[in-house]
Structures are given as C-alpha cells and as structure tokens.
Amino acid sequence: MAATAAAMDRRDLAWYTDRAARVLVFIGGISAVVFILGIFVFVTKEGLDFVFGALNLREFFTSIEWRPTSNNPTYGALALIVGTASVTGFAMLCSVPLSLGAALFIAEFATGKTRETLKILVEMLAAIPSVVWGFVGMSIMHPLIIRIFDVPLGLGVLNAGLILGLMAAPIMTTIAEDALKAVPDTYREAAEALGATRWEVILKVVIPASKNGLLAAVLLGVGRGFGETMAVLMASGHAINLPTSVFDSVRALTATIASELGDTVYGSDHYGALFTLGILLFLVTFVINLTADVVVRGIRKK
Amino acid sequence: MDSGRQDPGTVEHGDYAIETRGLNLWYGDFQALFDVDLGVKRGIITSMIGPSGCGKTTLLRTCNRIIERLGYVRTTGSVNVLGHDIFGDDVELVQVRKQIGMVFQRPNPLPISIRENVLFGFRLHEARLRRVTAAEEDEVLESSLRQVLLWDTVKDRLDKPATGLSLEEQQKLCIARLLPVKPEVLLMDEPCSALDPAGTEAVEELIWRLRGDYTILIVTHNMAQARRASEECVFMLLGRIVEHGRTEELFLSPEHSETADYIEGRYG
C-alpha cells in the first residue's frame with residue numbers, strides 16, 4: 001500500500017507536456033482575438049482625432065467632393081461609399097445566383113469524382129491572388145467590354161463587379177454547400193418517399209431548411225466584396241464619380257485608402273480622413289459578419 | 001396438412017397489392033436479396049420478421065424504389081405494385097410513390113409546421129392537377145389528423161414546428177401525412193422501434209385501425225408486435241424468404257426449422 005501512496009503525486013513527462021501544450025494552445029487561441037482588437041484600436045485611434053476635429057459629418061456623407069490635397073481640402077466620401085456599394089451590389093447580382101447554383105449542384109446532384117473535382121476547383125478559385133484578378137480586369141475584361149458594348153472605357157462598375165463577383169463566388173459556394181449538406185438526409189428521403197421530384201425536394205425542403213446558412217453565405221460574400229481592394233482599384237477606373245450606368249468608372253473606399261495613404265503626412269487631416277474611411281469599412285464589415293454569425297447560430301439553435 | 005393455410009400461389013393475381021418475381025438486389029458487389037417471390041395481399045397487414053441484416057428493410061425499400069437513392073444498388077427481377085411493374089418504362093416513380101406511402105424507423109417529420117407536414121404530399125400531388133382551396137386543405141388536414149388520433153392533441157398548435165412533438169406524436173404525424181393523397185399501400189419500416197412501450201402500443205393500435213382501408217406491409221424486429229398486429233407474416237433469412245403464411249399458424253406451427261428456431265429465440 002505504501003508504494004501506491006508514494007506514486008500518487010508523481011508528475012512525469014506526460015504531465016508537463018500536457019501543461020505546456022495547454023499554455024501554448026491558450027496563447028494561440030487568445031492571440032487572434034488580441035490582434036484583431038489591436039487593429040481595431042489602432043485604426044480607431046489614428047482616425048479619431050480627425051473625426052472629432054476637422055471632420056464635417058454632413059459633408060462626409062453627402063458631398064462627393066473628395067479633395068484632400070487641395071488648398072482648401074474637402075472630404076466628401078459619398079462618391080466613394082456609392083462606388084463601393086455599386087460595385088459590391090453589382091458583384092452580388094452576378095455572383096449570388098451563380099454561387100448558389102454551384103453549391104446546389106455540388107451538394108445535391110454531383111456525385112463521386114465530379115463532386116470532389118468541383119470542390120477542389122472552387123477552393124482553388126479562392127486561392128487566386130487579388131492582384132491577378134485585377135490584372136484580368138485590366139487586360140482582358142477592359143478591351144472585351146469596349147468591344148462588346150462599344151463604350152469608350154471598359155473600367156467601371158461592370159468590370160469591377162464581375163471581377164469581384166468571381167472573387168466572392170468561392171466563399172459563397174463553399175459556405176452554401178456546407179449549409180445544404182447540413183440538412184439531414186432523412187428530410188430528403190421523407191419528401192422523396194412522398195412523391196416529390198428531386199427539384200421539389202430541393203425547393204420545398206432543402207432550401208427552406210438551409211435558408212439561414214445560405215443567407216450567411218451571401219452575407220460573407222458581401223463582406224468579401226466590400227473589403228476587396230486591389231482588384232477593385234485596378235478594374236473600377238478609380239474615378240470619383242456617382243455612377244449612372246454600369247459602364248461608369250467609380251472609386252471604392254478601400255482603393256482610396258490604398259492609393260492615397262502612402263502620400264499623406266503622418267497625423268495630417270488627410271491621413272486622419274483615410275483612417276476614418278477605414279473605421280467606416282471596419283464597422284460595415286463587422287456588422288455584416290456579425291449578422292452572418294448570428295444568422296448561422298440561429299440555425300443551430302433550432 | 002396445413003389446415004386453412006393459404007398458399008400465396010393459389011390466390012388470384014388481382015388480389016395482390018405488391019408482387020415480386022425473382023427479385024435479386026445487390027449493394028455494389030454484395031447481394032442482399034436472392035430470388036424473392038412475395039405476394040402481399042390487398043387490404044390486410046403483412047409483417048416481415050427475421051434477424052438483422054436478413055433483407056427485410058431492403059425488400060421494403062425496394063417496393064417504392066427509395067432504395068435507389070443510395071446510387072450503388074442494382075436489381076433484377078420484377079416488382080409489381082397494383083399491377084404495374086415499377087421498374088417499367090411506362091411507370092412514373094412519382095405516381096408509384098403517391099400510391100405507396102412509407103413510414104420510417106425514426107419519425108422524420110419535415111422541419112416545417114404540423115399543418116404543412118400533413119399537407120406536404122397533398123400539395124405536391126393535387127397542386128399539379130388543379131387549384132386547391134384553403135377550406136379543402138383545412139378539411140383534409142383535420143380528417144387526416146383525426147384518422148391518426150392526433151387531432152385533439154395538436155389542433156391548437158397546427159402552425160408550430162412538427163419537430164417539437166414527442167416521438168410518438170411525430171410518428172403518428174408521419175402516418176397522417178401519407179393519408180391525404182389516398183395511397184393504396186403503406187410500407188412501414190419498424191415504425192415503433194424508436195418509441196417507448198406506451199408509444200409503441202398507441203402506434204400499433206393506430207396501424208390496426210388502418211387495416212382494411214390500406215394494404216400494410218410492416219417490417220419489425222419485435223415478434224410480439226408481428227404476432228399482435230399482422231394477419232400474414234413473412235419470415236426472411238439471409239436475403240431469402242423462408243416462410244410466408246397466416247401469422248398465427250406461422251407462429252404456432254412453422255413449417256421450417258429455421259422459422260421455429262428464430263421464433264423460439266435461438267438466434268436473432
């Protein structure tokens with residue numbers, strides 16, 4: 001008995017490994033949160049001086065005069081907001097039906113090799129760098145749009161929207177497919193046994209049962225489009241303008257920050273104004289992602 | 001001789017709701033059914049018993065071709081339902097399934113309201129043909145739920161999700177949703193296996209009430225259930241039908257030693 005009692009407080013290598021692993025995993029887990037909070041604090045701090053100082057809120061949201069380098073600078077971001085919104089909106093218009101269709105095909109119709117190949121292809125599409133997409137927009141879509149529609153310039157809402165749509169498609173397809181796959185097969189079986197066709201099963205059972213996941217997929221796609229910078233900078237024409245047709249050039253919030261920040265003086269009004277755009281972007285994407293998250297949680301609760 | 005035992009072969013063709021001839025079925029390379037000849041008579045309850053993996057469920061699921069969802073299933077032979085070869089080119093699967101309702105092992109109501117569950121099949125089949133009025137739907141809803149003795153329990157929460165019901169109520173609902181399209185045949189795959197004894201008793205009683213109006217083919221692991229709730233009984237073993245006859249006789253004086261051994265619990 002004494003031998004057993006003596007062994008009770010033994011701490012061997014496995015005990016220390018376990019402790020060390022726990023600490024490491026904790027640091028790993030917490031660091032993502034710390035970094036994101038850090039970025040948020042930094043962006044806010046850099047922009048806040050301007051927000052409470054030189055910023056005229058009314059001008060910011062209602063004027064299209066973005067003249068940060070003029071002798072009498074004005075910071076009207078309306079055109080930039082509209083630019084981002086129009087490009088993202090057009091992108092979703094093209095991308096949502098395509099992505100949901102692709103997800104439906106992969107989840108409900110494709111089998112075996114076709115299914116696996118398609119999934120890999122979609123995931124590969126997500127790995128293409130955005131500057132490559134921008135290049136496609138400038139050197140392939142640009143002349144193509146000029147030729148097909150007979151317009152003087154092919155860089156604009158149409159071009160950037162299509163590129164952005166293609167960029168947002170993989171994430172939407174993947175998330176939507178996950179949502180469709182999460183629908184228990186017993187539902188499909190029950191509906192089929194009642195005499196529903198494949199399409200009726202999808203339309204009346206699978207889509208209603210996965211609608212939250214599908215909505216989350218779309219929202220994540222919107223978030224992806226909203227935050228994209230390089231491709232939009234290259235394909236949108238980057239002209240401050242309220243678009244009246246899909247061929248008009250626009251300028252996006254993200255692209256403005258990317259193209260101007262390098263030329264500003266640290267701490268100047270221009271610098272602060274760009275960070276204010278950053279805060280705006282951050283807030284919008286945060287709200288979109290949060291909504292998507294809440295929506296996804298909504299499914300699990302049911 | 002076996003007094004009063006009806007040899008399935010002597011009954012006239014039209015008396016069968018389901019009739020299989022030389023039915024073989026493979027899952028990939030594995031053969032699950034061997035040369036099955038089965039005649040299920042109209043208007044009575046036929047139960048299928050046998051040890052796990054003997055092909056009862058496979059045979060049941062072949063009758064409405066739901067087995068083909070798996071994708072790697074191959075069959076030879078024929079299955080006639082109400083006189084039509086369901087593998088034939090002139091038979092539409094949707095119409096076959098309209099005639100044959102199916103109840104699954106685990107209650108599987110759709111994730112929609114009780115009302116929509118009951119009306120799901122009705123809307124599918126009737127809406128293809130004509131406009132259905134709301135009053136008609138209400139009538140169908142009530143009569144279906146009354147037939148399964150569920151109306152009084154759920155009449156105040158018809159628009160609540162069906163998944164909130166107890167398992168027993170869910171299984172009754174799954175039976176109720178078959179009735180509005182007026183099927184001839186009901187296939188039941190161990191409908192009580194997920195239920196507690198009280199639920200089992202209630203659902204069995206319900207199945208017994210439906211006798212006569214429908215031809216019922218029911219798979220069960222529970223021999224007491226087969227004995228209580230069916231008029232004819234089929235004993236299957238290793239993908240073959242060993243014995244098929246009137247339930248009481250199959251249990252009292254089985255012809256084959258395998259049947260006797262199984263009934264007496266020597267294997268299973």
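The values are calculated or read from the model by the stated rules, or taken from the named source; none is laboratory data. Remember, it's a predicted structure, so these values are computed and weren't measured experimentally. Virtual Cβ from ideal backbone geometry, glycine too; neighbours counted across all protein chains shown. Accessible surface areas use protein heavy atoms only, side chains included; no ligands, DNA or RNA. Shrake-Rupley method; radii C 1.70, N 1.55, O 1.52, S 1.80 Å.
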Checklist outcome for this item: In the set B:ARG74, B:ARG131, the lone residue that is among the charged types (D, E, K, R), more than 9 Å from chain A (Cβ to nearest Cβ), assigned to a strand (DSSP E or B) and surrounded by fewer than 17 Cβ atoms within 10 Å (Cβ to Cβ) is B:ARG74
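Do we find that B:ARG146 is in a loop (DSSP other than H, G, I, E, B), away from chain A (no Cβ under 13 Å) and surrounded by fewer than 18 Cβ atoms within 10 Å (Cβ to Cβ) in this structure?
no
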Checklist entry - Can you pull out the residues in the stretch B:97-106 that are farther than 18 Å from B:THR200 by Cβ and either in a loop (DSSP other than H, G, I, E, B) or at the interface with another protein chain (Cβ under 7 Å from one of its Cβ atoms) (or both)? => result B:ARG97, B:LYS98, B:MET102
Next on the checklist: I'd like to check something: does the stretch B:46-66 contain any residue that is among the β-branched types (Val, Ile, Thr), open to solvent by 30 Å² or more (accessible area, probe 1.4 Å) and away from every other protein chain (no Cβ under 11 Å)?
Outcome noted: yes
Checklist outcome for this item: B:GLN171 meets each of (1) open to solvent by 10 Å² or more (accessible area, probe 1.4 Å); (2) not in a loop (DSSP other than H, G, I, E, B) with one exception, condition (1)
Checklist entry - Of all the residues that make up the stretch B:231-256, how many are part of a loop (DSSP other than H, G, I, E, B), within 19 Å of B:GLY55 (Cα to Cα) and touching a strand residue (DSSP E or B) at 6+ places or on another chain (Cβ under 6 Å)? => result 2
Checklist entry - Within the stretch A:1-98, which helices (runs of 4 or more DSSP H) (wholly inside it) include 3 or more residues that are closer than 30 Å to A:THR256 by Cβ and either open to solvent by 90 Å² or more (accessible area, probe 1.4 Å) or not assigned by TED's automatic domain parsing to the domain that holds A:ASN241 (or both)? => result A:13-52, A:57-62
Checklist entry - Any residue in the stretch B:107-121 that is within 27 Å of A:GLY112 (Cβ to Cβ) and within 14 Å of another protein chain (Cβ to nearest Cβ)? => result yes
Item to check | Condition check for B:GLY71: of a type in the set (Gly, Ala, Ser) and either farther than 29 Å from A:GLY112 by Cβ or in contact (Cβ under 8 Å) with a residue 60 or more places away in the chain (or both) | outcome: no
Checklist entry - For the stretch A:151-168, does any single residue satisfy the condition of being free of Cβ contacts under 8 Å to residues at least 24 places away in the same chain, of a type in the set (Val, Ile, Thr) and surrounded by fewer than 20 Cβ atoms within 10 Å (Cβ to Cβ)? => result no
Checklist entry - With respect to A:VAL201, is the statement that it is more than 8 Å from every other protein chain (Cβ to nearest Cβ) and open to solvent by less than 40 Å² (accessible area, probe 1.4 Å) true? => result yes
Next on the checklist: If B:GLU184 satisfies all but one of (1) in contact with a helix residue (DSSP H, G or I) (Cβ under 6 Å, 6 or more places away or on another chain); (2) open to solvent by less than 40 Å² (accessible area, probe 1.4 Å); (3) within 14 Å of another protein chain (Cβ to nearest Cβ), what's the number of the condition it fails?
Outcome noted: (2)
Checklist entry - Restricting attention to the stretch B:95-115, which residues are open to solvent by 30 Å² or more (accessible area, probe 1.4 Å) and either without any contact (Cβ under 8 Å) to a residue 12 or more places away in the chain or within 19 Å of the chain's Cα centre (by Cα) (or both)? => result B:GLN95, B:LYS98, B:GLN99, B:GLN105, B:ARG106
Checklist entry - Does A:LEU215 meet the test of being under 30 Å from B:ARG97 (Cα atoms) and modelled with pLDDT of 90 or more? => result no
Item to check | Extreme residue, farthest from B:ASP85 (Cα to Cα), among residues of the stretch B:23-39 that are touching a residue at least 40 places away in the same chain (Cβ under 8 Å) and open to solvent by 20 Å² or more (accessible area, probe 1.4 Å) | outcome: B:GLY28
Next on the checklist: Residues that are at pLDDT 90 or above, open to solvent by 40 Å² or more (accessible area, probe 1.4 Å) and more than 14 Å from every other protein chain (Cβ to nearest Cβ): does the stretch A:268-282 have at least one?
Outcome noted: no
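Being free of Cβ contacts under 8 Å to residues at least 60 places away in the same chain, of a type in the set (Asp, Glu), away from chain B (no Cβ under 14 Å) and surrounded by fewer than 24 Cβ atoms within 10 Å (Cβ to Cβ) narrows it down to one of A:ASP248, A:ASP178, A:ASP185, so name that one. Spell out the reasoning first.
Working: A:ASP248 fails: free of Cβ contacts under 8 Å to residues at least 60 places away in the same chain; A:ASP185 fails: away from chain B (no Cβ under 14 Å).
Checking each option against the conditions leaves just A:ASP178.
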Next on the checklist: Looking for something touching a residue at least 24 places away in the same chain (Cβ under 8 Å), within 14 Å of chain B (Cβ to nearest Cβ) and open to solvent by 10 Å² or more (accessible area, probe 1.4 Å) - is there at least one such residue anywhere in the stretch A:223-238?
Outcome noted: no
